[in-house]
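Okay, so here's the structure we're looking at.
The values are calculated or read from the model by the stated rules, or taken from the named source; none is laboratory data. Because the structure is predicted, anything quoted here is derived from the model rather than measured. Ideal geometry is used to build each Cβ from the backbone, glycine not excepted, and the neighbour counts take in all protein chains shown.
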Amino acid sequence: MAVLDPAPRMASITALVETKLLRLDRETLYELMDERVEVAQGIIRVLSHHLRNRVQDINELRTELETSRS
């Protein structure tokens, strides 16, 4: 997320097995998205999926809260 948004990181991760990582800076990622539209589409698809899930979570919590108040 930090590569797309300049806000502070939201998460950290620890590998349980030996892992190789690829690090992309913002400029390189944007160039890749310009050159390969499927990369940009994939990122949009994943972000949309996560956003949809969070909205669903919020709606479920709202329903639970309203039910508990009645």
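Answer with yes or no whether THR67 is over 24 Å from ASP5 (Cβ atoms), polar (S, T, N, Q), part of a helix (DSSP H, G or I) and modelled with pLDDT of 95 or more.
no
Pairs please, first residue from region 10-22 and of a type outside the set (Val, Ile, Thr), second anywhere and surrounded by 10 or more Cβ atoms within 10 Å (Cβ to Cβ) and at pLDDT below 95, Cβ atoms under 6 Å, 6+ apart in sequence or on different chains.
Every condition considered, the pairs that remain are MET10/MET1.
Given the conditions (1) over 20 Å from LEU51 (Cα atoms); (2) under 18 Å from the mean Cα position of the chain (by Cα), which single one is not true for LEU16?
Answer for LEU16: the failing condition is (2).
For residues that are part of a helix (DSSP H, G or I) and loosely packed, with under 10 Cβ neighbours inside 10 Å, tally how many sit in region 1-44.
Of the residues in that region, 4 qualify.
If LEU47 passes every condition in (1) more than 23 Å from ALA2 (Cα to Cα); (2) of a type in the set (A, V, I, L, M, F, W, C); (3) within 19 Å of the chain's Cα centre (by Cα) but one, which one does it miss?
(1)
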